Amino acid sequence: MKALQWQGDHLLILDQTKLPFVEQYREIHSYKEMAEAIKNMEVRGAPAIGAAAAYGFALGAAEYRGSGEDFKDYMDEVRAVLEGTRPTAVNLFWALRKMEDKFREFLNMNDIGNIRAALINEANEIAEDDRRMNKRIGEYGNTLIPEKANILTHCNTGSLATVEFGTALGIIRTAHESGKKIHVFAGETRPLLQGARLTAWELLQDQIPLTLITDNMAGYLMQQGKVDMVIVGADRIAANGDTANKIGTYSLAVLAAAHQIPFYVAAPTTTIDLKISGGDEIPVEERDDQEVRKIMDVRIVPDEVSVYNPAFDITLAKYITGIITEKGIISPPYSVNMVKMLVR
Ligand code: MRU
């Protein structure tokens, strides 16, 4: 199963809003379609958003029909539209910056004829790197997992959220493949149910034992000693280790600390944003009220009920036992050790 696949002149995406009961693929031919698909969460998960935006940028260049003089202004607009889709996952901005650098390199060389091919190559490389990084995260993460473990995870961090394999779910996959007896508690992840709809679907396909729980059951499970460790993904990690991830992650971290359960964040280093010193500077996306008023398109409260719908929360670094990246496992103090790891 692949969230996105480049098809030579367009991107094929698996529409994640319809899973698990409908497996529908959609062809993306323009940067505006790409921006819509990211905004609507047909493609989602920080690394997948980054790669999708990179392909969107390449599609934007391929759509350009001008004579060349306004190519740069036009591509500034393409980038702005793609950047305006989702504010929290830094992978989006990282990937677009890489694409922009490649674009300028060719523009400065006056090599406009080859810009489009160079941008597609760059997007393919971003996607390929993500695949490789996830495998490494899986290997490093597996060193932390005992022979037998009950692992709680949140949201979806698997093949669907990345280019392939996954981050937190990639670690779970690696541990399972290496013969360890892994059982996963997947939190359903309201409001959009990425845990129930996507993580459960991925684990079922890989035949990894799982139990689905509603988000409010985690504390009770921990109190009963049923959870050995928590592993989640990330959308943006600040220089001090504070981590933005799907709403509900912070509650799990506090609960894990109260029960002395290790709490790990798994993410590629492309999710680390050293320009941001602490979690309070991370922009947290607020999404449409209707996502809370409905469950899978079924209304559960009238429109008069006011709701609040932040898509992410910030887990303070003090609750995080370790950050698992493709370069290794970072331990506290993160403000020192993260920089050390990144310059390696
Ligand atoms: O709103 P989503 O579904 O894009 O949020 C996804 C998450 O919060 C993931 O945990 C995170 O992006 C890491 S995915 C490897």
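The values are calculated or read from the model by the stated rules, or taken from the named source; none is laboratory data. Computed from a prediction, not measured in an experiment: that's the story for all the values here. Glycine also receives a Cβ, built like all others from the backbone with ideal geometry; neighbour counts cover every protein chain displayed. Heads up: the accessible areas ignore ligands, DNA and RNA and are worked out on the full protein's heavy atoms, side chains in. Shrake-Rupley method; radii C 1.70, N 1.55, O 1.52, S 1.80 Å.
Things worth noting here:
- Number of the exception - GLY225 against (1) small (Gly, Ala, Ser); (2) open to solvent by less than 20 Å² (accessible area, probe 1.4 Å); (3) more than 10 Å from the ligand (Cβ to nearest atom): (2)
- Residue list for region 88-115, restricted to those being in a helix (DSSP H, G or I), more than 16 Å from the ligand (Cβ to nearest atom) and without any contact (Cβ under 8 Å) to a residue 40 or more places away in the chain: ARG97, ASP101, LYS102, ARG104, GLU105, PHE106, LEU107, ASN108, GLY113, ASN114
- Filter result (touching a strand residue (DSSP E or B) at 6+ places or on another chain (Cβ under 7 Å), open to solvent by 30 Å² or more (accessible area, probe 1.4 Å) and not aromatic (Phe, Trp, Tyr)) within region 94-140: ASN124
- Leading residue by the ranking (farthest from the ligand (Cβ to nearest atom)) among those in region 149-179 that are open to solvent by 30 Å² or more (accessible area, probe 1.4 Å) and without any contact (Cβ under 8 Å) to a residue 60 or more places away in the chain: GLY179
- The residues of region 31-72 that are outside any helix (DSSP H, G or I), touching a residue at least 24 places away in the same chain (Cβ under 8 Å) and more than 16 Å from the ligand (Cβ to nearest atom) amount to a single one, GLY68.
- Residue identified as within 13 Å of ALA123 (Cβ to Cβ) and open to solvent by 60 Å² or more (accessible area, probe 1.4 Å) among ASP9, ASP73: ASP9
- Wholly enclosed strands (runs of 3 or more DSSP E) of region 241-342 bearing at least 2 residues touching a residue at least 24 places away in the same chain (Cβ under 8 Å) and within 16 Å of the ligand (Cβ to nearest atom): 243-246, 263-266, 312-315, 322-325
- Qualifying strands (runs of 3 or more DSSP E) (wholly inside region 116-214; at least 1 residues being basic (Lys, Arg)): 148-153, 181-187
- Within region 180-205, the set of residues being more than 16 Å from the ligand (Cβ to nearest atom) and closer than 24 Å to VAL22 by Cβ comprises LEU204, GLN205.
- Only one of ALA218, ALA238 that is within 16 Å of the ligand (Cβ to nearest atom), open to solvent by less than 20 Å² (accessible area, probe 1.4 Å) and under 15 Å from ILE314 (Cβ atoms): ALA238
- Of the residues making up region 102-161, just one is modelled with pLDDT of 95 or more and at positive phi, namely CYS155.
- Test: residue in region 45-61 that is open to solvent by 60 Å² or more (accessible area, probe 1.4 Å), over 29 Å from GLY279 (Cα atoms) and at pLDDT 95 or above: no
- Applying the set (1) open to solvent by 30 Å² or more (accessible area, probe 1.4 Å); (2) over 27 Å from THR174 (Cα atoms) to ASP206 leaves exactly one unmet item: (2).
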